[in-house]
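One structure below.
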Amino acid sequence: MSSALLFTVCGALIVATGLYGLFVHRHILRKIVAANVGVGGVYLVLIGGSAVPGQTAADPVPQALTLTGIVIAVSITAFALALLQNLHARTGARSLDGEGDP
Amino acid sequence: MSAATGAAWMSALVGIPLAGAVLAFLLPARGTPIGFAAAAAVLISSVGLVAEVARHGIQEMALGGWQAPLGIVWRADGLAVLLLAMTAFVAAAATVFAWTHMRGRAPELARFWPLFLFLWAALNIVFLSRDVFHLYVALELSSLAAVAIVAVEGGAAALRGAMRYLLFALFGSLTYLLGVAVLYAGFGSLDFVYLAAAVEPSPAAGLALGLMTAGLFAKGALFPLHGWLPPAHSAAPAPGSALLSGVVVMSAVYILLRLWFEVFAAVPTEAARQLLGALGTLGVVWGSILALLQARLKLLIAYSTVAQLGYLLLIFPLAAGGPGSTEAFSGGVYLALAHGFAKAAMFLAAGLVLDALGHDRIHDIQGAAHHMPITVFALAVAGLTLMGLPPSGGFTAKWLMLHAALASGQWWWAAVLLGGGLLAAVYVFRILLPAFRQPGRQPLDFSPVPLGAEVLVLALAAGSLVLGLAAAAPLRLLQTHTALSFGALP
């Protein structure tokens, strides 16, 4: 198994873990953490999946995409945490009741 | 130098609201004049771009002079400029409305302007971009601004609605981005034109399309991922709801259309197209039934958005390449345009009812037709488009889609179009009947609402009628200047 394939497969497993956490946990903070775990897996798929076998130089495009993706994920996480803090301060809620929400 | 003119309008459409958002953030006390100036400039630019495309065809612009596949290309075709123009009219009306509606609440208004302008800029990028990753960035910007607008009033319901919206949006970003990763791994490009040439039916293409579609279902509140829409759209301030329900969800459907008909035209199987149509049908039925059950006006209007979004999914089976494909596609896009005007008018009207009465319980709005006749008339006019009755734009749209359903022999979608119209008639009359009922013994307490705001709402509702009366020009623009391939069928 090549290392690129290993990265891709692990990435896919991490995404699955993240999605599972996003759907299963009720605590909103856990959901936010799960989404962050999942998006890390996407970066692995992005980098590992685009590696060309036998070529040593890496394709710079997926790395640029990953970098942009990290910036976006950080901003959204910061916003989500601030929103959760406000929600908790205002209502004391740690979860949104209702079934079937991600 | 038509290419330069087109590029200048496109830069203005994105640059002005972005600059306005930053300025409004830095100078919160000057938010209103900045919002008005940006709205006027973007409105002019969108009309300018429409005229440019109508005269000289599709306009292109490579950002920073870097051509695809390395750089990002913006392309304004008939489909894009129609949605840009609809957004500009709806957002400009919302701008004026925000000033009258939120005048007494300075801190909220100061928070509102930067978010509103960021959202507008993000939407314009979505309509112009032809790069799957650039679209991802624009989608994230639009989701962030939209969630923040929902939360701007800061009440418990608003925060809850915003949080639910954000969690769905997180799921949407994750799956969409994974789809982009699979697409790049499989075909080595992000640009639409290069991808369209490289993509062929394969497991990788199917997986990428499936993942991106799932993500866009969450962002666009398409059944079964619609659960976040009603609490979020009903909690936002009225001018925010107008843009959220009229345009933001449509922008996700727009990307879906681009992907299915431009990038992956040869990939989807007939079963996949029928599945999307079936989900759309469930959305129409479920959204309409829940709209019938709501006690509050804003929630009813929000559920009707879930129903109307369902019709747009009928484009996928109807425009599969057989006879009637062009009609189905034009009809679906036309429905999105007419719905944008009608739904924005309804949310602004609901905002006025809320201002006048202090509540929006449908049962208790007796006498509204007497005290605020223009607002109730606007609700009725906008309702015509939701029901699909002539002479509204909704009628033109459904007529085209009905024609396509019969021409392609898929009569079951015709039944959905007609049945959905009947359900819409019932929920629109659920609003109008109490509004026209005489108030009981004790006269209700109607605070006066500004006449200008009422006229503005009526003008927006009339926009959906104008689309029905003057359909030839927009449809010609759409059909002659949009390069799409309808499936791989002969």
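Each residue in the range B:370-390 was checked for being closer than 13 Å to B:F429 by Cβ and in a helix (DSSP H, G or I), and 7 of them qualify. Within the range A:89-101, one or more residues are over 15 Å from the mean Cα position of the chain (by Cα) and of a type in the set (V, I, T). Scan the range A:7-18 and give yes if some residue there is touching a helix residue (DSSP H, G or I) at 6+ places or on another chain (Cβ under 8 Å) and within 30 Å of B:L115 (Cα to Cα), otherwise no. Yes, the range A:7-18 contains at least one residue that is touching a helix residue (DSSP H, G or I) at 6+ places or on another chain (Cβ under 8 Å) and within 30 Å of B:L115 (Cα to Cα).
Selection of the range B:1-43 for residues being free of Cβ contacts under 8 Å to residues at least 12 places away in the same chain and more than 21 Å from B:G65 (Cβ to Cβ) yields B:L23, B:L26, B:L27, B:R30, B:P33. Filtering the range A:20-37 for residues that are among the small types (G, A, S), more than 10 Å from chain B (Cβ to nearest Cβ) and surrounded by 18 or more Cβ atoms within 10 Å (Cβ to Cβ) leaves a non-empty set. Applying the criterion of at least 1 residues that are more than 18 Å from B:A122 (Cα to Cα) and at the interface with chain A (Cβ under 9 Å from one of its Cβ atoms) to the helices (runs of 4 or more DSSP H) found wholly in the range B:144-224 leaves B:156-187. Being more than 30 Å from B:G186 (Cβ to Cβ), more than 8 Å from chain B (Cβ to nearest Cβ) and part of a helix (DSSP H, G or I) is true of A:Q85.
Taking the condition part of a helix (DSSP H, G or I), crowded, with 24+ Cβ neighbours inside 10 Å and in contact with a strand residue (DSSP E or B) (Cβ under 6 Å, 6 or more places away or on another chain), does B:L135 pass? Yes; evaluated as a whole, the condition is true for this residue. Every test in (1) at the interface with chain A (Cβ under 10 Å from one of its Cβ atoms); (2) buried (at least 23 other Cβ atoms within 10 Å of the Cβ) is passed by B:R130 save one, and that test is (1).
Can you name the residue in the range B:426-483 that is among the polar types (S, T, N, Q) and either buried (at least 20 other Cβ atoms within 10 Å of the Cβ) or farther than 29 Å from B:S288 by Cβ (or both) and is also farthest from the chain's Cα centre (by Cα) among such residues? The qualifying residue farthest from the chain's Cα centre (by Cα) is B:Q442. Based on what the data block shows, is B:L166 crowded, with 24+ Cβ neighbours inside 10 Å, under 23 Å from the mean Cα position of the chain (by Cα) and touching a residue at least 12 places away in the same chain (Cβ under 8 Å)? Yes, satisfied. State all residues of the range B:79-115 that are part of a loop (DSSP other than H, G, I, E, B) and free of Cβ contacts under 8 Å to residues at least 12 places away in the same chain; if no residue qualifies, say none. Matches in the range B:79-115: B:R103, B:G104, B:R105.
In the range B:225-262, the qualifying residues are those that are touching a helix residue (DSSP H, G or I) at 6+ places or on another chain (Cβ under 7 Å) and part of a loop (DSSP other than H, G, I, E, B), and the one that is surrounded by the fewest Cβ atoms within 10 Å (Cβ to Cβ) is B:L225.
Just give me the residues in the range A:60-78 being facing chain B (nearest Cβ under 8 Å) and either assigned to a loop (DSSP other than H, G, I, E, B) or buried (at least 17 other Cβ atoms within 10 Å of the Cβ) (or both), in sequence order. Listed by number, the residues that qualify are A:V61, A:P62, A:L65, A:G69, A:I72, A:I76. Any idea how many residues of the range B:186-236 are among the hydrophobic types (A, V, I, L, M, F, W, C) and under 19 Å from the mean Cα position of the chain (by Cα)? Matching residues across the range B:186-236 total 14. Please verify whether B:F116 is buried (at least 22 other Cβ atoms within 10 Å of the Cβ) and more than 10 Å from chain A (Cβ to nearest Cβ), treating the condition exactly as stated. For B:F116, the condition - buried (at least 22 other Cβ atoms within 10 Å of the Cβ) and more than 10 Å from chain A (Cβ to nearest Cβ) - is met. Residues that are hydroxyl-bearing (S, T, Y) and part of a helix (DSSP H, G or I) are absent from the range B:263-280.
Do you know which of the residues in the range A:38-59 that are within 8 Å of chain B (Cβ to nearest Cβ) and of a type in the set (A, V, I, L, M, F, W, C) is nearest to the chain's Cα centre (by Cα)? The residue in question is A:V39.
Every number here is computed from the coordinates shown, using simple stated rules; none is lab data. Fair warning: this is a prediction, and the values are worked out from it, not measured in the lab. Cβ: placed from backbone, ideal geometry, glycine included. Neighbour counts: every protein chain shown.
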